[in-house]
Each structure stands twice: as C-alpha cells, then as structure tokens.
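Below is one structure, written out as structure tokens; comments come after it.
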Amino acid sequence: MNKHVLVLDDDIFTRKLIGMILERVGYCVTLAADTKEALQALANTPVDAITCDLMMPDKSGLEFIQYLKSHEKYASIPVVVITAIGVRDALEDARHLADAIVEKPFVDVSLRQALAQVLGETV
C-alpha cells in the first residue's frame, strides 16, 4: 500500500511540483493551499506524513505544526518543513517541531530523502 502525504503550501506552483515529485515515486498525495484546507483534508483522510511550508497566508506553518503536535489524533504524523532559506528565525523554531527540514530551492532527491527518513523508508 502506498503511503499518503499531505502537501501544504500556499504557492500553487510549489504545491503542484511537490505533489508531482511524490506521485512519481509512488506516494498518494493530497494538496492543500492553506491550513484550513489541510485540517479539512486531515479530518477526512488519514495521512502518513505532511510536507508544510512555513510562510502561509492564514496561519504560519509553525502554528499549524504546533496545533498538530498538541492534538493526540495528529501528534504522531511526521512533518517535513519545506521553506525558503531566508527565513532563519522561523527555521530555528521549526527545527524543534519538525521531523525534517528541506530548504528552498530544493532538488527532488532532497525532498524524497527527507520524506523517506521520517517514514522509515529507504530511497
């Protein structure tokens, strides 16, 4: 059975790119443009991992991850943060909450490796 990944990113290009990369290597993917969509998706579909941008229009990615980690239903879902290099303060905070971090711009192998790591898979 394929692992299911929720991709949360407000940038449509990045969201679709991540989705295509993950689908190409066999993951099932659900896309969300903001944290509200992500929470709706989580309520309806169990996922094995989440990729999350830090800079979001409604709540920050950090707020979203804090919410997940504080709710028993979601706390065990590994989160891979995908963010721009220039967001240093948020990146330091993310290191304490996220299971892995991939900095933009990224190559598909770094994304696949981070996701495989948090899911206990090999690339």
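What to note about this one:
- Residue match in the stretch 49-67 (condition: modelled with pLDDT of 95 or more and in a loop (DSSP other than H, G, I, E, B)): no
- Residues that are closer than 24 Å to A116 by Cα and at pLDDT below 90, drawn from the stretch 68-89: I82, T83, A84, I85
- Across the stretch 102-123, the qualifying residues are those that are modelled with pLDDT under 85 and touching a helix residue (DSSP H, G or I) at 6+ places or on another chain (Cβ under 7 Å), and the one among them that is surrounded by the fewest Cβ atoms within 10 Å (Cβ to Cβ) is T122.
- Hey, L17 in a helix (DSSP H, G or I) and of a type outside the set (S, T, Y) or not: yes
- Residue in the stretch 20-30 that is part of a loop (DSSP other than H, G, I, E, B), touching a residue at least 60 places away in the same chain (Cβ under 8 Å) and over 12 Å from the mean Cα position of the chain (by Cα) present: yes
The values are calculated or read from the model by the stated rules, or taken from the named source; none is laboratory data. As the structure is a computational prediction, the values presented were derived from the model and not from experiment. Ideal geometry is used to build each Cβ from the backbone, glycine not excepted, and the neighbour counts take in all protein chains shown.
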